[in-house]
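A.B. asks: Please read through the structure below; I'll follow up with questions.
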Amino acid sequence: TTIDIRVAASSELGGCSASGSARVGISVPPVVTPPSFTELTPCTTFKRNSARVDNACKAVLQDAANRLQADPQATLVVDTFRSDREKEGLDLQRGRNIRDRLADGSVRITIDPNRITVRPSGVSTDGSQARLYFVPQGATPPAGAAAADLGPVTVQKQAPRRAAKKKKK
C-alpha cells in the first residue's frame with residue numbers, strides 16, 4: 001500500500017509559505033491461516049458389544065495410515081464410543097484396538113503409536129462408534145474427551161492356517 005502526503009503552510013504576517021510532499025510505502029504481511037484438522041471416514045462396523053476391528057474398518061484405517069505416511073508431522077485423533085446398551089469400557093477397548101491395528105502393520109503400513117491419540121468418549125448420542133481426525137502439524141485438534149493412556153501395543157494374533165485336506169483315492 002502506498003500513501004501520498006502533501007503539506008502546505010503559510011503565514012499571513014510576512015507572506016511566507018512552504019509546501020512539501022512525501023510518498024510512504026507500507027508493507028502488509030499476508031494473513032496466514034493456520035492448518036485445521038480434517039474428519040476422515042468413521043469406523044461404523046463394530047458389532048454390538050465387540051471391539052474387534054473388522055476388514056471394513058481396516059480399510060478405513062488404511063486410508064488414515066496413508067495420510068499419516070504422506071505427512072510425517074501429522075497426528076491422528078480417534079474418538080471412540082459405545083451405545084447405551086453396550087458394556088462400559090467398550091469405547092476404550094475399541095480405541096485401543098484401532099491404535100494397535102495401525103501400529104502393528106495390520107493395515108499394510110505401520111504407524112508410530114505416539115502419533116495416535118485415543119479419546120474414549122463414552123455413550124454416543126448419534127450412533128457413532130469411532131471418529132477419526134487427521135491433524136496436521138500446527139493445527140488445533142478437535143474438542144473432545146481426555147486422551148487415554150493405552151499402554152503398550154498388542155499385536156493382532158493371526159488365525160492359524162488350515163491344512164489342506166488330502167483327497168481319498
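The values are calculated or read from the model by the stated rules, or taken from the named source; none is laboratory data. Remember, it's a predicted structure, so these values are computed and weren't measured experimentally. With ideal geometry, Cβ positions are generated from the backbone for all residues, glycine too; neighbour counts draw on all protein chains shown. SASA here: full protein model, heavy atoms, side chains in, ligands and nucleic acids out. Shrake-Rupley method; radii C 1.70, N 1.55, O 1.52, S 1.80 Å.
A.B. asks: Semi-axes of the equivalent ellipsoid of region 1-88: what are they in whole Å, largest first, if each equals the square root of 5 times a C-alpha gyration tensor eigenvalue? Before the final figure, lay out the partial values.
C.D. replies: Details: eigenvalues 1005, 53, 11 Å².
Rounded to whole Å, the semi-axes are 71, 16, 7.
A.B. asks: Hey, what's the chain come to in accessible area per residue, 1.4 Å probe, Å²?
C.D. replies: On the way: 11630 Å² over 169 residues.
The answer is 69 Å² per residue.
A.B. asks: Volume per residue, Å³, of the convex hull around the alpha-carbon atoms of region 57-105?
C.D. replies: Details: hull volume 3.7 nm³, N = 49.
Given the Cα convex hull of region 57-105, per-residue volume reads 75 Å³.
A.B. asks: So, one more: Based on the alpha-carbon gyration tensor of region 39-124, what equivalent-ellipsoid semi-axes (square roots of 5 times the eigenvalues) come out, in whole Å, largest first? Working shown, then result.
C.D. replies: Numbers: eigenvalues 99, 33, 22 Å².
Those come to 22, 13, 10 Å.
A.B. asks: In region 46-169, carbon and sulfur make up what percent of the accessible area (probe 1.4 Å)? Intermediate results must be reported in sequence, preceding the final value.
C.D. replies: On the way: 3620 of 7670 Å².
Ligands and nucleic acids excluded, carbon and sulfur give 47 percent.
A.B. asks: Nearest 10 degrees is fine. How inclined is helix 55-70 to the longest principal axis of the chain, computing both from alpha carbons?
C.D. replies: Tilt of helix 55-70: around 40 degrees.
A.B. asks: Stick to Cα atoms and the Kirkwood definition of Rh, then tell me Rg/Rh for the chain. Provide the component values of the computation, followed by the final result.
C.D. replies: Details: Rg = 29.9 Å, Rh = 20.0 Å.
Rounded to two decimals, Rg/Rh equals 1.50.
A.B. asks: For the chain, compute the number of Lys pairs whose alpha carbons are separated by less than 22 Å, excluding pairs fewer than 8 positions apart on the same chain.
C.D. replies: Details: 47/58; 47/87; 47/157; 58/157.
Going through the chain pair by pair, I get 4.
A.B. asks: Round to the nearest 0.05 the FRET efficiency obtained for residue 83 and residue 139 when R0 = 35 Å and r is the Cβ-Cβ distance. Provide the component values of the computation, followed by the final result.
C.D. replies: Details: r = 30 Å, r/R0 = 0.86.
With a Förster radius of 35 Å, E is 0.70.
A.B. asks: With Cβ to Cβ distances under 11 Å as the rule, what net charge do the other residues near residue 86 carry (K, R +1; D, E -1)? Let's see the in-between values first.
C.D. replies: Numbers: positive: 47, 48, 82, 85, 87, 94; negative: 84, 88, 91.
Once positives and negatives cancel, what remains is +3.
A.B. asks: Taking Cα atoms, how many degrees apart are the long axis of helix 90-103 and the longest axis of the chain, rounded to 10 and kept between 0 and 90?
C.D. replies: So the inclination is approximately 80 degrees.
A.B. asks: Obtain the nm distance between the two label points defined at residue 4 and residue 28 by a simple spin-label model: each point lies 7 Å from its Cα along the Cα-to-C-beta direction.
C.D. replies: 2.0
A.B. asks: Find how much the distance from residue 48 to residue 36 grows on full extension, using 0.36 nm per residue of separation minus their present alpha carbon separation; answer in nm with one decimal.
C.D. replies: Details: separation 12, 0.36 × 12 = 4.32 nm, distance 3.30 nm.
Length difference between fully extended and current span is 1.0 nm.
A.B. asks: How much length would be gained if the chain were fully extended between residue 63 and residue 11, taking 0.36 nm per residue of separation minus their Cα-Cα distance, in nm to one decimal? Intermediate results must be reported in sequence, preceding the final value.
C.D. replies: On the way: separation 52, 0.36 × 52 = 18.72 nm, distance 7.79 nm.
Taking residue 63 through residue 11 to full extension adds about 10.9 nm, to one decimal.
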